[in-house]
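The values are calculated or read from the model by the stated rules, or taken from the named source; none is laboratory data. In this text, all values refer to a predicted model and were calculated from it rather than measured experimentally. Here the Cβ positions follow ideal geometry from the backbone for every residue, glycine too, while neighbour counts run over all protein chains shown.
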Amino acid sequence: MAGAGPDPRPVIDWLIRQALLATSTDSLLPGCAERVAAMGIPVVRAHLSATTLHPQFEAVSLSWLRDAGVETVAHEHGTSDEAPWQRSPLRQIAIGETDEVRLSLAGSDVDVERYPILADFVALGGTDYIALGTAFGIDGKPPSSARTGVLSSWVTDRPGGFTGADIAALRSIQPAISAAARVALNLEIARTVMATYLGPDAGSRVLQGEIRRGDVQVIDAAILFADLRGFTALSDSANRAELASTLNAYLQAMAEPVAGHGGQVLKFLGDGMLASFALDGQAPAPVCARALAAARQALADTSALNAERAKAGEPVMSLDIALHLGDVLYGNVGSSSRLDFTVIGPAVNAASRIEALCGELDCPLLISGAFAAAAGPDAGLRPLGRHPLRGIRQPQELFTADLAG
C-alpha cells in the first residue's frame, strides 16, 4: 500500500546514477546512509565491506556514523584469520552460511559473547542490527562458493528496532548499493593493478586512454638505473623459494626510496630496476636532488639488508646505481598486441652503460656529467674523470657522491 513505509526508489535511482559515475565508496556510503535516514529510517551506523585485489590488502571496509562521518579501513592479507573477523556477524554471510543476519541490540538479548562488536553498537544507542550480502558473479556466471561481493550492515536507534517496512526497504537497496560499490571497487582495483605493474603515472595514463602503439611524448627526466651484483651466483645456489624471497627483499630496498622521493619505478629488469624522476617543467636541480637522495637511501637500505642477512649467515648482494639526465621518449612501445609503457632513448641507454662501469671503477654510485651539471655545485658531487662508454663515441665525464649525503 502506497505510503505505508519508507520508499526506497529515490535511493535506488541515486545509487544507479552513482554507479554510472563510478562514485568512490567513501562518497557512496555516506550519501546512501543520509538518503536512507531522509526516507524515514533512523540509522545511526552504516557499513560496507568487500574483498579487493591489492598486493598488500585483501579487503576494504567503510563505516559511517551519523555524528562522525565515514572511516575507511584497508585490511591486510591474513586479517580474515584474526579474531575480530572470525567473531563478526558479517562472516556468516561471507562464508555462505546465510544471506542475512538480524540481531537485537535491546535488553538482555545482545549476544556480545559471540559478537563482541555488538557492544559498540549498543554504546551508539542502537536497538537493532541487520547485515545483508550480495555475491558477485563473473562473465555471466553465478557467484562462486568464495562469496566475493559486497556486505552491508545497518544499525538503528529507533525504539523497538527496525520495522518490517524498514527491513523491506533496506533489502531493496542492497542490490543497488552493491552494484554501485562494485563499479567503484573495480575502478580502484584497475588503478591499483596499473600502478603496481606500470607505476602510478604510467598506469593513470593507460586508464585515461593512452593505449595506442606509438603514443609517446618527449619528456625531460632524471634516470635512475640500478642493478644487483652477485645475483647470478646466488641464483645458481639458492632454491627457488629462497631466490624469490631474497630478490623481493632487495627490490623492495631499491624501489621504496624511489617512490618515497617522488620518482616512479618503470620496470624491474630481473635483478635490476629502471626508474625516472620527470622534471614536469620544474627546475632540474631539485629534481636531481630527489633522485640523488633516492639513490643514497637505496644504497643505505641495501647495506642494512646485507648486514641483517650476513648476521643470519645468508648470502648478500651489492647494489650499483647510475644517475643520468636527458630527454626520453615516454609512452607505448611494443607489438600490436603486447605493449609496454616505459621510457626509451639514448638517455636510458647511457644510464645503463654508466651503471655497467660501477664494478670496473669499484664505485656503487656513478653520475653522468649532464646530471651533475643540472644538480649544481650544492650537490657536492666529486669528479671521477672521463671514461669510455660502450656505444658512445666520446669518453664521458663521470661523478660520484658521498653516500652519507
Please find, within the stretch 260-274, the residue that is nearest to the chain's Cα centre (by Cα) out of those that are free of Cβ contacts under 8 Å to residues at least 60 places away in the same chain and closer than 19 Å to residue 333 by Cα. 268
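Restricting the search to the stretch 334-346, which residues are under 16 Å from residue 225 (Cβ atoms) and surrounded by 22 or more Cβ atoms within 10 Å (Cβ to Cβ)?
Listed by number, the list holds a single entry, 343.
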If I go through the stretch 222-240 residue by residue, how many of them are more than 19 Å from residue 300 (Cβ to Cβ), out of contact with any helix residue (DSSP H, G or I) (no Cβ under 9 Å at 6 or more places or on another chain) and in a loop (DSSP other than H, G, I, E, B)? 1
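Filter the stretch 41-90 down to residues that are among the small types (Gly, Ala, Ser) and loosely packed, with under 13 Cβ neighbours inside 10 Å and give me whichever is farthest from residue 158 (Cα to Cα).
Of the residues in the stretch 41-90, the ones among the small types (Gly, Ala, Ser) are 46, 49-50, 59, 61, 63, 68-69, 74, 78, 80, 83, 88.
Going one step further and asking which of them are loosely packed, with under 13 Cβ neighbours inside 10 Å, we end up with 68-69, 78, 83.
On the way: 68: 19, 69: 20, 78: 36, 83: 30 Å.
Result: 78.
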Confirm whether residue 225 is hydrophobic (A, V, I, L, M, F, W, C), surrounded by 14 or more Cβ atoms within 10 Å (Cβ to Cβ), under 30 Å from residue 314 (Cα atoms) and in contact with a strand residue (DSSP E or B) (Cβ under 7 Å, 6 or more places away or on another chain). yes
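State the number of residues belonging to the stretch 387-404 that are in a loop (DSSP other than H, G, I, E, B) and farther than 14 Å from residue 288 by Cβ.
Of the residues in that region, 11 qualify.
Report yes if some residue within the stretch 30-40 is in contact with a Ser or Thr (Cβ under 8 Å, 6 or more places away or on another chain) and either assigned to a strand (DSSP E or B) or surrounded by 21 or more Cβ atoms within 10 Å (Cβ to Cβ) (or both); otherwise report no.
If we filter the stretch 30-40 for residues that are in contact with a Ser or Thr (Cβ under 8 Å, 6 or more places away or on another chain), which is where we start, we get 31.
Filter again for either assigned to a strand (DSSP E or B) or surrounded by 21 or more Cβ atoms within 10 Å (Cβ to Cβ) (or both), leaving none.
Looking for residues that are in contact with a Ser or Thr (Cβ under 8 Å, 6 or more places away or on another chain) and either assigned to a strand (DSSP E or B) or surrounded by 21 or more Cβ atoms within 10 Å (Cβ to Cβ) (or both), one finds none in the stretch 30-40, hence no.
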With the structure loaded, tell me whether residue 179 is among the hydrophobic types (A, V, I, L, M, F, W, C), touching a strand residue (DSSP E or B) at 6+ places or on another chain (Cβ under 9 Å), within 23 Å of residue 350 (Cα to Cα) and not assigned by TED's automatic domain parsing to the domain that holds residue 368 or whether it fails that test. no
Those residues of the stretch 298-344 which are closer than 17 Å to residue 219 by Cα and among the small types (Gly, Ala, Ser), in sequence order: 326, 331
Name the single residue that is nearest to residue 112 (Cα to Cα) among those in the stretch 50-91 being in contact (Cβ under 8 Å) with a residue 12 or more places away in the chain and part of a helix (DSSP H, G or I). 84
As an exercise: evaluate residue 101 against (1) touching a Ser or Thr at 6+ places or on another chain (Cβ under 9 Å); (2) surrounded by fewer than 12 Cβ atoms within 10 Å (Cβ to Cβ); (3) under 19 Å from residue 158 (Cα atoms) and give the number of the one condition it does not meet. (2)
Only one of (1) assigned to a helix (DSSP H, G or I); (2) in contact with a Phe, Trp or Tyr (Cβ under 7 Å, 6 or more places away or on another chain); (3) under 24 Å from residue 228 (Cβ atoms) is not met by residue 384, so which one is it? (1)
Got a sec? Which of 128, 166 is surrounded by 19 or more Cβ atoms within 10 Å (Cβ to Cβ), in contact (Cβ under 8 Å) with a residue 40 or more places away in the chain and charged (D, E, K, R)? 166
Selection within the stretch 281-334 - among the hydrophobic types (A, V, I, L, M, F, W, C), closer than 18 Å to residue 374 by Cα and free of Cβ contacts under 8 Å to residues at least 60 places away in the same chain: 283
How many residues does the stretch 199-238 contain that are assigned by TED's automatic domain parsing to the domain that holds residue 249, more than 30 Å from residue 373 (Cβ to Cβ) and either within 14 Å of the chain's Cα centre (by Cα) or of a type in the set (Phe, Trp, Tyr) (or both)? 1
Of (1) of a type outside the set (Asp, Glu); (2) at pLDDT below 95; (3) buried (at least 16 other Cβ atoms within 10 Å of the Cβ), residue 298 satisfies every one except (2)
